[in-house]
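Scroll down for the structure; my scribbles are underneath it.
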Amino acid sequence: MNKKTAMTKTPAPDLMSRKIFVRAALGGVGVCYAAAMGYPVYRYLASPVERAQNAVAVTQVTLKDAQKLGPGTSLMFKFGSKPALLIHHADDTWVALNAVCSHLGCTVEYEPAQNRIHCACHGGVYDSNTGANVSGPPPRPLKRYNTKVTADGVVVSQV
């Protein structure tokens, strides 16, 4: 054997390592792509199970020191797993409402200057005293909760 034949028969070690690197890199990219495509499917299929496990029947929430809210202000809080809104009106009345818009499920907010509840997603407006849908696309009013002011806080319960 001469030197030329011996050189062509064995591949160079750096060419083999490049080939292995490219295969490993493409395999890694493939795994990442499959995970990115599979995760939303998993979340879609698993969400009803998670909701059923997390659905604890909450009937009452006590908001500590909420009675100290000034008139014309509001407080966002969780009623179970959903956001809710406690409003202390200027006439010293208290209202607690579900803070999820009945149109597409966006979170609503209290606007004290206009004395209204507004959904910024699509411009829905609710009455801040009753939760009734006043204008915009919301098809139903906000759910209203009972409120009771105590020395320790405000007790919010289901109707």
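Per-structure values
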quantity	calculated
Condition check for V156: assigned to a strand (DSSP E or B), modelled with pLDDT under 90 and surrounded by 13 or more Cβ atoms within 10 Å (Cβ to Cβ)	yes
Residue ID - farthest from N133 (Cα to Cα), chosen from residues in segment 78-118 that are surrounded by fewer than 17 Cβ atoms within 10 Å (Cβ to Cβ) and of a type in the set (A, V, I, L, M, F, W, C)	A90
Enumeration of residues in segment 79-112 that are among the small types (G, A, S), in a loop (DSSP other than H, G, I, E, B) and either modelled with pLDDT of 90 or more or not assigned by TED's automatic domain parsing to the domain that holds T147 (or both)	A99
Residues of segment 113-139 satisfying the condition of being more than 24 Å from T59 (Cβ to Cβ) and part of a strand (DSSP E or B)	R116, H118, C119, G124, V125, D127, N133, V134, S135
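The values are calculated or read from the model by the stated rules, or taken from the named source; none is laboratory data. These figures come from a predicted structure and were not determined experimentally. Quick reminder, even Gly has a Cβ in these numbers, built from the backbone with ideal geometry, and neighbours come from all protein chains shown.
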